[in-house]
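Trainee: Dropping the structure in here first, questions after.
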Amino acid sequence: MNKKRGDLFILAINVIGVLYLIACAISYLTRDTRVIHPDSMLPAERWDEAGLWMTSGLIPLIIVNLLAFRRVGKEKIKKPARLLFLLPSVFCLVLVAHYFTTGALSRAESTRKPLVNVAIKYKDDSEVQYRQIYSNGSMRVLEEPIKTGDTYYIADYHNFSSAIQKNKVVNTVISTVLATNAGTNVKSEEYVTNLLQVIADTVNHNIIEARLFKGKSGCYVAVQTNVNWQSPCDFYRYNEKEGTLTHICTWQNADVLGVAEPVK
């Protein structure tokens, strides 16, 4: 009876390990470039974090896989079939090896160019903070204030409606009349109208507010959504030619107040 309980415990740990590996492998293999914690001491893209998590979990995974191979079903399952217990370790080892060769090399070769400067304010703090965001989504604190553009557009529930379709949130543009940070309402230009549609097509959560910033190097969008009682602020760069939004980084409970070109 004690052996059966022990085997069940080992199987349960193996299942947890496999689920953990699958979650990390998805972020790594899909090259998820989102930076979820841009203000951390060492901000990293999700695929990079996944590589580190798989590295730290490799030895424990090998141990629990070996325990399952040596103990579980030893009397009933033939040895060649029990070798399947070792597959997660082999798969994790391959991904970790790839991470420290191809993955690390591509990270080292990638250029971390300054992309845009932003002014942000956390909702629980009255102080405006300044950041320089790099092309990989990481950022550094700017000690000096930056001069941002005077006007930006604001789209909110007057512009978007949300509905659940096939267990997914679908956003629809219902108005192209936008507010500005100066408190006036304006009819959006054509490129802004197209951008509103791209936002609706891209964001898969209820949109609380979207702020549209026009800079010399392009258009940036800060979208606040309602996600499980949280209000993340996702920062995107808009490619007008391709009609796509590229996610750069995410802040929690913060507002973007303006953008500016980095000083060369």
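Trainee: ARG237 - would you say it is assigned by TED's automatic domain parsing to the domain that holds GLU127, of a type in the set (D, E, K, R) and either in a loop (DSSP other than H, G, I, E, B) or over 23 Å from ASP125 (Cα atoms) (or both)?
Mentor: yes
Trainee: Let me ask you something else. Quick check on ILE207: is it buried (at least 20 other Cβ atoms within 10 Å of the Cβ), assigned by TED's automatic domain parsing to the domain that holds ASP255 and part of a helix (DSSP H, G or I)?
Mentor: For ILE207, the condition - buried (at least 20 other Cβ atoms within 10 Å of the Cβ), assigned by TED's automatic domain parsing to the domain that holds ASP255 and part of a helix (DSSP H, G or I) - is not met.
Trainee: Something else: Residues that are at pLDDT 80 or above, over 30 Å from ASN253 (Cα atoms) and in a helix (DSSP H, G or I): does segment 39-56 have at least one?
Mentor: Scanning segment 39-56, I find at least one residue that is at pLDDT 80 or above, over 30 Å from ASN253 (Cα atoms) and in a helix (DSSP H, G or I), so the answer is yes.
Trainee: Need the failing condition index for TYR153 against (1) without any contact (Cβ under 8 Å) to a residue 40 or more places away in the chain; (2) under 16 Å from VAL221 (Cβ atoms), just the number.
Mentor: The number of the failed condition is (1).
Trainee: Still on this model: Out of the residues in segment 236-264 meeting the condition of being touching a residue at least 40 places away in the same chain (Cβ under 8 Å) and of a type in the set (S, T, N, Q), tell me which one is nearest to THR193 (Cα to Cα).
Mentor: THR244
Trainee: I'm trying to understand the selection: among the residues of segment 240-255, which are assigned to a strand (DSSP E or B) and either outside the structural domain of TYR157 (by TED's automatic domain parsing) or among the charged types (D, E, K, R) (or both)?
Mentor: ASP255 - this is the single residue of segment 240-255 that is assigned to a strand (DSSP E or B) and either outside the structural domain of TYR157 (by TED's automatic domain parsing) or among the charged types (D, E, K, R) (or both).
Trainee: Mind checking which residues of segment 214-234 are under 18 Å from VAL128 (Cα atoms) and either part of a loop (DSSP other than H, G, I, E, B) or of a type in the set (A, V, I, L, M) (or both)?
Mentor: The one that is under 18 Å from VAL128 (Cα atoms) and either part of a loop (DSSP other than H, G, I, E, B) or of a type in the set (A, V, I, L, M) (or both): ALA222.
Trainee: Given (1) part of a helix (DSSP H, G or I); (2) loosely packed, with under 12 Cβ neighbours inside 10 Å; (3) of a type outside the set (Val, Ile, Thr); (4) at pLDDT below 85, where does LEU8 come up short, assuming only one miss?
Mentor: Condition (4) is where LEU8 drops out.
Trainee: Has segment 172-189 got at least one residue that is among the small types (Gly, Ala, Ser) and within 22 Å of the chain's Cα centre (by Cα)? It would help to see each step written out before you state the result.
Mentor: Looking only at segment 172-189, we keep the residues that are among the small types (Gly, Ala, Ser), and these are 175, 179, 182-183, 188.
Cutting the leftovers down to within 22 Å of the chain's Cα centre (by Cα) gives us none.
No, that holds for no residue.
Trainee: Based on what the data block shows, is ASP150 of a type in the set (D, E, K, R), within 22 Å of ASN117 (Cβ to Cβ) and not in a strand (DSSP E or B)? Lay out the reasoning, then the answer.
Mentor: Numbers: of a type in the set (D, E, K, R): yes; within 22 Å of ASN117 (Cβ to Cβ): yes; not in a strand (DSSP E or B): yes.
Against the criterion (of a type in the set (D, E, K, R), within 22 Å of ASN117 (Cβ to Cβ) and not in a strand (DSSP E or B)), ASP150 qualifies.
The values are calculated or read from the model by the stated rules, or taken from the named source; none is laboratory data. This one's a predicted model, so the numbers in the text were calculated from it and none came from an experiment. As a convention, Cβ positions derive from the backbone with ideal geometry for all residues, glycine included, and neighbour counts pool all protein chains shown.
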